[in-house]
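Participant: There's a structure below that I have some questions on.
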Amino acid sequence: MKTALLLFLLMTFLAIDSSFARSYYEEGLKSALKCALENGFNKGVIQTGYFTLTTFSRIHDPGNGKVRIYIEGDGSAWIGKRTLSTNPTPKRPMVLQLAALDDFPNVVYLGRPCQYTDAKTEKNFDKKYWSTERFSREVMNSTNEAIDRIKADAGADSIEIVGFSGGAAIAVILTSWREDVSGLITIAGNVDHVSVNSVNKVDQLTGSLNPIDFAHEMKNVPQRHFAAEKDRVIPLKITENFVTRTGDEDLVRLTVVRGTSHSNGWVKRWKDLLEYPLI
């Protein structure tokens, strides 16, 4: 009797959990599609060797030489400090909103693995890719492959990368790998997840590359790192350490932005912040 009851409760929990994940994913996708429609972006998908990645693109001047790529943060990876979400799709499309405010001729928003999808449409839909392995080689290689496709489709010779939070970690590592990045911008960037997780007293991301290990390999790339004035997730000292580790005072800038926290205040300030030169 007890076994039957436990089985019933487990099945009920799984059904509720699955329903919640589906509704959360659908709500996030609906919000992103609305933002895209209102701002002239077209939705697309890029099938890489490991993941299917979602894009929203606004290409006004194909072939002009450059494309600016915004990389999403961790989205809804967690629903509590120690509780993983069942779907990492961002509930609020803040990074897409930032991209929409950008007057750059060619702008593309790039979602992270397993965002805007689910287990029915993504063969490698696995919680480890929005937790311990969110910055794994598979994630990096797939994102790098997607950027190659974006660049080719836009007819670009070079790219600029903008990364928010965990998206900044990916932006940093890929900038160190590539030779066609003409500028890097991070927003409240998780540029050293080992230190960030130590400060926040949470488990380390085993299976993930750490962006600060690649800092010294980007000496020739102009960079602007925007840190939040009141960031309770990523302390300013971590961003300062990263900037120091790059070893290039001429090309790397750090700006602390007033009126911002880790996830709030950026949309209001973004138009003004885009006026800041990279160097």
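Participant: When segment 73-114 is examined, which residues are found to be without any contact (Cβ under 8 Å) to a residue 24 or more places away in the chain and polar (S, T, N, Q)?
Facilitator: Matches in segment 73-114: THR83 only.
Participant: Ok, one more. Could you list all residues from segment 84-135 that are aliphatic (A, V, I, L, M), more than 21 Å from ALA154 (Cβ to Cβ) and part of a loop (DSSP other than H, G, I, E, B)?
Facilitator: ALA119
Participant: May I pose another question? For the structure I just gave you, tell me whether SER198 is touching a Ser or Thr at 6+ places or on another chain (Cβ under 6 Å), of a type in the set (Ser, Thr, Tyr) and over 16 Å from GLY73 (Cβ atoms).
Facilitator: no
Participant: Within segment 20-61, how many residues turn out to be surrounded by fewer than 18 Cβ atoms within 10 Å (Cβ to Cβ) and either closer than 21 Å to ASP103 by Cα or among the acidic types (Asp, Glu) (or both)?
Facilitator: 13
Participant: Give the number of residues within segment 56-72 that are out of contact with any Asp or Glu (no Cβ under 6 Å at 6 or more places or on another chain), part of a loop (DSSP other than H, G, I, E, B) and farther than 19 Å from PHE125 by Cβ.
Facilitator: So the count comes out to 5.
Participant: Would you confirm, using the coordinates I've provided, whether LEU254 is modelled with pLDDT of 95 or more, in contact with a Lys or Arg (Cβ under 9 Å, 6 or more places away or on another chain) and closer than 21 Å to GLY75 by Cα?
Facilitator: For LEU254, the condition - modelled with pLDDT of 95 or more, in contact with a Lys or Arg (Cβ under 9 Å, 6 or more places away or on another chain) and closer than 21 Å to GLY75 by Cα - is not met.
Participant: Could you identify the single residue in LYS237, LYS271 that is exposed (fewer than 14 other Cβ atoms within 10 Å of the Cβ), within 25 Å of PRO93 (Cα to Cα), among the charged types (D, E, K, R) and modelled with pLDDT of 95 or more?
Facilitator: LYS271
Participant: Given the condition more than 14 Å from the chain's Cα centre (by Cα), surrounded by fewer than 13 Cβ atoms within 10 Å (Cβ to Cβ) and of a type outside the set (Asp, Glu), answer yes or no: does some residue in segment 62-72 qualify?
Facilitator: Checking segment 62-72: at least one residue is more than 14 Å from the chain's Cα centre (by Cα), surrounded by fewer than 13 Cβ atoms within 10 Å (Cβ to Cβ) and of a type outside the set (Asp, Glu).
Participant: Would you be able to tell me the number of residues in segment 190-199 that are in a loop (DSSP other than H, G, I, E, B) and either of a type in the set (Val, Ile, Thr) or out of contact with any Gly (no Cβ under 6 Å at 6 or more places or on another chain) (or both)?
Facilitator: Residues meeting the conditions: 2.
Residues checked against (1) under 28 Å from ARG82 (Cα atoms); (2) of a type in the set (Val, Ile, Thr):
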site: SER131; (1), (2): yes, no
site: ARG134; (1), (2): yes, no
site: GLU145; (1), (2): no, no
site: ARG149; (1), (2): no, no
site: SER158; (1), (2): no, no
site: THR186; (1), (2): yes, yes
site: THR206; (1), (2): yes, yes
site: LEU236; (1), (2): yes, no
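Participant: If you don't mind, there's one more thing I want to ask. Among the residues of segment 147-183, which ones are part of a helix (DSSP H, G or I) and farther than 26 Å from THR239 by Cβ?
Facilitator: ASP148, ARG149, ILE150, LYS151, ALA152, ASP153, ALA154
Participant: Report, ordered by the first and then the second residue, all pairs with beta carbons closer than 8 Å, sequence separation of six or more or different chains, a first member in segment 213-231 that is touching a residue at least 12 places away in the same chain (Cβ under 8 Å) and in a helix (DSSP H, G or I), and a second member that is of a type outside the set (S, T, N, Q) and buried (at least 19 other Cβ atoms within 10 Å of the Cβ).
Facilitator: PHE214/VAL172; PHE214/ILE173; ALA215/VAL172; ALA215/VAL191; ALA215/PHE242; MET218/VAL172; MET218/LEU184
Residue by residue, here is whether (1) in contact with a His (Cβ under 8 Å, 6 or more places away or on another chain); (2) at pLDDT 95 or above; (3) closer than 20 Å to SER176 by Cα holds:
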{"site": "THR54", "(1), (2), (3)": "no, yes, no"}
{"site": "GLY63", "(1), (2), (3)": "no, no, no"}
{"site": "VAL67", "(1), (2), (3)": "no, yes, yes"}
{"site": "GLU72", "(1), (2), (3)": "no, yes, yes"}
{"site": "THR86", "(1), (2), (3)": "no, no, no"}
{"site": "CYS114", "(1), (2), (3)": "no, yes, no"}
{"site": "ARG134", "(1), (2), (3)": "no, yes, yes"}
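The values are calculated or read from the model by the stated rules, or taken from the named source; none is laboratory data. Every value quoted in this text rests on a predicted model; they were computed, and no experiment measured them. Please note: Cβ atoms are built from the backbone with ideal geometry, for glycine as well, and neighbour counts cover all protein chains shown.
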